[in-house]
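J.: This structure is in structure tokens; I'll ask about it shortly.
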Amino acid sequence: MALRDEYTTPEAFRTYCREWLEANRPEPTRMPLPQAAYEVTLPEHRDYLVAWQRKCYEAGLIATDVSPEYGGHGFDDFQMIASNEVRRAGVPYFINWIGLGMTAPTLLAHGTEEQKRTYLPPIFTGDDIWCQGFSEPGAGSDLASLSTRAEKDGDNWVVNGSKVWTSLGSLASWMLLLARTDRDNKYGGITYFICSMREQGVTVRPIHKMTGESGFNEVFLEDVVVPDHQRIDAVGAGWQVAMSTLTSERGAAKGVGAVPSSESPMDNIEALIALAKTTMRHGRPVWDDAVLRDRILKIYERTVAVMQNGRRMGVPALNGGAMRIPLQSKLVGSELGQELHQVAMSVLGPAASLYVGDEHARADGKWALGYMNTYTGTISGGSSEIQRNILGERVLGLPKTK
Amino acid sequence: MSNSNQTQPKDFGYGEEQDMLKNAAQRFISDLAPLEALRKAIAGTEDPYLGEERRGFYDVDAWREMTALGWSALAVPERCGGAEMGLVTAVALAEEIGAAAMPTPLASTLQSTFLLREMATPEADAVLTRIAEGAAVAWGFSDAHGSLHPRDTSVVAEQRLLSGTVHFVQDLQKADVVILAAREEAGLAWYALDTGGDGVQLVADRIVDLTRDQGRVELNGAAGTRLVDPGAGEPAFDSALPALLTLVAADIAGAAEWMLQATAEYAKTRQQFDRPIGFFQAVKHPIVDMMIAADQSRSLVYAAACAFDFDREDALRLALLAKSSASDTAGFCANRGTQLHGGIGFTWESDVQIYHKRLMHAQQLLGDGVAQRSALAALL
Ligand SMILES: Cc1cc2nc3c(=O)[nH]c(=O)nc-3n(C[C@H](O)[C@H](O)[C@H](O)COP(=O)(O)OP(=O)(O)OC[C@H]3O[C@@H](n4cnc5c(N)ncnc54)[C@H](O)[C@@H]3O)c2cc1C
């Protein structure tokens, strides 16, 4: 019997997800996993996380609402339930977060029937890991200034150029590639392709992060052949398609997989409160310091507010327009996470200096590491400054910044 | 740390009924144009603060109409002639009052209603009945230092005769009845007094906010009706507190949204350096931050109201969060709103100054953000 016939009510499905996650929580890895899928590089971690993702997919927690023809489970509107339960359970993240969070929604909206049937199932199982080849050395916030070229050659395209900051690039089989097909048309001259990372001419070179970890890469593309059937949507329509990918990346669109992170904002603030209650200064818990406590509670307040914002999205009469809250979520979530970690540094005081591996570091240095990794959120996927432009222009109608 | 969300409706308990009321209130209030009325009332008194008369400006006829529509009695129990609606509904209305910066005793009367409901005595019910009949009710307990809890009241009751002074009572000039905390030997009680009664002296404050009035009640052996037995006064207040806080936060949420929209609108129309000023990110980005602040406060206000109606155990936590957020939002939106309007926002002519002052006033009512967070710490 298909899962969707077995669990017909949201309550039944929620209970099922909860019980399944409880029963199937995986043993921890020998080497601890990085805090997020962004920093996964070791084959051991990859294999572990792919096996975990496949298991969750088979259990119906991934591609819950996707049609069975594309490998999904065919539920009506249960993905949110599964995703919430995954988040709640505090289980490992899904390694293929780009495939699940960006490729799948993009293909479902813009892909051909053939593309959906070919690429979606291995995204869900984790067999094919995806990366996103948007940014270039000369094209960051001004993404549309990208210069990687694709030239038509019969039924193929030949791609030359380079991409940078490509997360999961070293593990990926496929890349979402933006390339220029018309030099004279900035926005209308971009085309969206699916590019094999195993193709001749693709060179991946890891870049190290301030944390000492890796995870993102430079990708050099030299005469790489991309068949025309791997083009998504029309020639020159790449910018529109990229915008829909970015809307998904920023969490402002409904996903088809679960969230990449296994930490919920509520977990983070509760951990910070616990840290303040157990860190002693002048013989008393830091929590007793009224000034620091106020800063912590301000973050607690904003964390609860963000969760209630999410609830308000579902109440059209109160949400101030369909995109007003969703477009805030990436900006607010990432800045809140960053400030939370900054306050944690103050709570730790001089002990904030201790890093991963030091025997006296609280939580094995996760606060310092986590603090640094919050810049992933405030820079990637459109920086906080760009998010503020978007909100001002799209929601409040202010004049466009170039 | 309580996070019980199980018993709460996902939609904050906000349904068709609330939406109809909110929309009706929007239309009704916009027809009244309360700011124009306020402008007329204060015309020629560019310095009303220094005038002899310390009067609160408000449209008495509009208040009568609102009572006739049943708005002031919406939370009054049916047994007392009201509609027995919850805080979710009251908040929907309070937000519109804030958005219009309307001078009205509605907020005080709604707050009094929730306070009286928690008392649950025949005497409190008698006051609720008067609300259903159209009375405006104010309430208070503060000492001259602006204490935030009735246990600090300086009013003493002996044989039901009250002496002492209650400060910072909102809408005092508009009220028919005032409810006051008083200390007795056996503990804290609440009393109701007619504002015109013997031994009751009302002294209006000279306040910054032109859309409200505030004052102190001086009592010299004034006879009051005791609403709850000594000792029952604190628990009644404590269980009503989430509603009292949330109603102020809702007023702020409405006024902050006005400030946001007015500032965004101005940034689209005012031209400098050959462009609308909203082009510049030093203008654009803080306006976005106003929106973020306003939205967070609004979401917390709805959550707090919903918890009060459906999940009392979590009501205080969410109400403290709502007022904490709203107080900071009030300060921030007032500040950026005025700054980004330039000179015009600083003038008497501008509506920005009216909202700025209303927000400033509400920011401090029942305690600012820091005060809420310091109360919250005890719950976590
Ligand atoms: C951890 C991490 C992972 C990433 N993963 C990927 C990936 O997998 N695939 C991919 O394609 N990209 C990825 N990126 C790249 C990311 O999208 C870019 O870094 C980002 O778009 C910013 O571009 P930039 O780094 O070139 O900075 P720049 O665009 O040079 O910006 C520098 C500064 O100027 C500000 N700025 C720029 N323009 C404006 C403006 N108009 N108004 C106001 N301020 C402005 C920016 O906000 C920033 O503060 C990743 C980045 C990070 C940090």
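Each value in this text was obtained by applying a stated rule to the coordinates, not by laboratory testing. The structure displayed is predicted, hence computed values, not measured ones. Every residue, glycine among them, receives a Cβ derived from its backbone with ideal geometry; neighbour counts consider all protein chains shown.
J.: Would you calculate the convex hull of the Cα atoms in the stretch A:337-402 and tell me its volume per residue in Å³?
T.: Values: hull volume 6.6 nm³, N = 66.
Hull volume normalised by residue count: 100 Å³.
J.: While we're here: Restricting to Cα atoms and excluding each atom paired with itself, what does the Kirkwood estimate give for the stretch A:230-365 in Å?
T.: 17.7 Å
J.: Looking at the stretch A:77-176 only, what percent of DSSP beta bridges run antiparallel? Nearest 5 please.
T.: Working: 6 of 9 bridges.
So the antiparallel bridges in the stretch A:77-176 amount to around 65 percent.
J.: Can you divide the C-alpha Rg of the stretch A:126-201 by 2.2 N^0.38 Å and report the result to two decimal places?
T.: Computed over Cα atoms of the stretch A:126-201, the ratio equals 1.08.
J.: Amide H of B:Ala222: which non-local residues (sequence gap of 5 or more, or other chain) have their own amide H closer than 5 Å, using H built in the peptide plane?
T.: Residues meeting the criterion, in which the H sits 1.01 Å from N, are B:Leu162.
J.: Now, a different point. Between A:Val164 and residues 5 or more places away or on another chain, which pairs have amide H atoms under 5 Å apart, with H built 1.01 Å from N, and which residues are they?
T.: A:Ser135, A:Glu136, A:Val219
J.: Still on this structure, please answer the following. Once amide H atoms are built 1.01 Å from N in the peptide plane, which residues 5 or more positions from B:Val228, or in another chain, come under 5 Å H to H?
T.: The list, which skips near neighbours in sequence, is B:Trp190.
J.: Could you work out the local net charge near B:Gly70, counting Lys and Arg as +1, Asp and Glu as -1, over the other residues with Cβ closer than 14 Å to its Cβ?
T.: -4
J.: Next question, about the same structure. Can you give the angle from 0 to 90° between the axis of helix A:290-313 and the longest principal axis of chain A, with both taken from C-alpha atoms, to the nearest 10?
T.: Once rounded, the angle reads 40 degrees.
J.: Sort the stretch A:75-143 into rounded, prolate or oblate with this rule: let a ≥ b ≥ c be the square roots of the eigenvalues of the Cα gyration tensor; rounded if a/c is under 1.5, and if a/c is not under 1.5, prolate when a/b is larger than b/c, oblate otherwise.
T.: oblate
J.: Using per-residue counts of other Cβ atoms within 10 Å, averaged over each peptide, order A:19-32, B:336-349 from highest down.
T.: Top to bottom by mean Cβ count within 10 Å: B:336-349, A:19-32.
J.: Can you tell me the 0 to 90 degree angle between the C-alpha axis of helix A:366-379 and the longest principal axis of chain A, rounded to 10?
T.: 40 degrees
J.: By per-residue mean of other Cβ atoms within 10 Å, what is the highest-first order of A:68-75, A:151-158, B:186-193?
T.: B:186-193, A:68-75, A:151-158
J.: Another question, if that's okay. Compute the long axis of helix A:265-278 from its Cα atoms, compare it with the longest principal axis of the Cα atoms of chain A, and write down the angle in degrees, 0 to 90, nearest 10.
T.: Helix A:265-278 sits at roughly 30 degrees to that axis.
J.: Continuing with the same structure: How high is the FRET efficiency between A:Asn84 and A:Glu6 when r is their beta carbon distance and R₀ equals 22 Å, given to the nearest 0.05?
T.: Details: r = 20 Å, r/R0 = 0.89.
Here the calculated transfer efficiency is 0.65.
J.: OK, next. Spin-label point model (7 Å from Cα, Cβ direction): what's the A:Ala23 to A:Val291 distance in nm?
T.: 5.4 nm
J.: Here is a follow-up. List the residue ranges in chain B for DSSP H helices whose C-alpha atoms run 27 angstrom or more along the long axis and whose Kyte-Doolittle average is 0.0 or above. Display every interim value, and only then the final one.
T.: Details: long enough: B:233-269 (53 Å, 0.49); B:281-310 (43 Å, 0.54); B:315-340 (36 Å, 0.27).
For chain B, where a helix must reach 27 Å along its axis and average at least 0.0, the hits are B:233-269, B:281-310, B:315-340.
J.: Determine the shielding of peptide B:272-282 by partner chains: average, over its residues, the number of Cβ atoms on other chains within 10 angstrom of each Cβ.
T.: Mean partner-chain Cβ count within 10 Å for B:272-282: 3.
J.: For the protein assembly as shown, what is the calculated [θ] at 222 nm in deg cm²/dmol (nearest 500), taking -39500 (n - 2.57) for each run of four or more DSSP H residues and dividing by its residue count?
T.: -14500 deg cm²/dmol
J.: Ranked from highest to lowest mean number of other Cβ atoms within 10 Å per residue, what is the order of the peptides A:274-285, B:226-237?
T.: B:226-237, A:274-285
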